[in-house]
Amino acid sequence: MSEKMRSYEAARSLFSFLAFLAWSVAVIGGVVALVSASGASQYGGSGAGLLAMVPGIGIAITGFLLVAFVQIGRANVDTAEYTQQMLKISRDQLDVSKQGLKLHSAAPQTFSAAAQREGAQDPKSSFAGQANEASQPGREIKEPKLEAPVAKTTVYQGKTIRAEKGKFLYNGIPFNTLPEAEKYIDSFAPLPEKTLAEVNQKT
């Protein structure tokens, strides 16, 4: 809550009156100097006139000094008023900032902020749910099972034919059908040692 601003009207009025007196003294000093110079010059010449002007000039200088001091006092009053106004503006800005912070903290969250917050909390909630399920007796956590690809093998005349991805492989050679692989073995593959022994016995 801002304090009431102080008024400096009394000081301004006093300085205005003092400024009037100071200017009056300066003007009177100038008039006295001129009158003294004119009267003395008639009786004693120009030298006497100059000497007669000294008191009036002194009075005029004193008046100008008083005017300067009055202006310095007015400047101090103006500085005090401006400082007071700046302080009031700063306090008003501080109050507005505090109210803005209160409104910002009390304002409801936007949909995007709420969604981000929920998304950030989802992993924790899922982990907590799994922990609760694991802690309950009689309940098992289902884990996804990964099925390995099945490769069927066929042994023909001691040679292994492997079925993989719709092809039949023998020694890395792919065949479209099993009979083609068996035919290749019959034609080009060497017979195992046991089969060779049986052929020799027969012959």
For the pair D78 and Q99, the simple spin-label estimate (label points 7 Å beyond Cα toward Cβ) gives in nm 3.3
A68 and I89 label points (each 7 Å along its Cα→Cβ direction) are spaced in nm at 3.2
Expected sort for 71-82, 48-59 on mean C-beta neighbours within 10 Å, highest first, is 48-59, 71-82
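Each reported figure results from applying straightforward, stated rules to the coordinates on display, with no laboratory input. Bear in mind that the values here come from a model prediction, so they are computed numbers and not experimental data. Cβ sites come from the backbone with ideal geometry, for glycine too, and all protein chains shown count toward neighbours.
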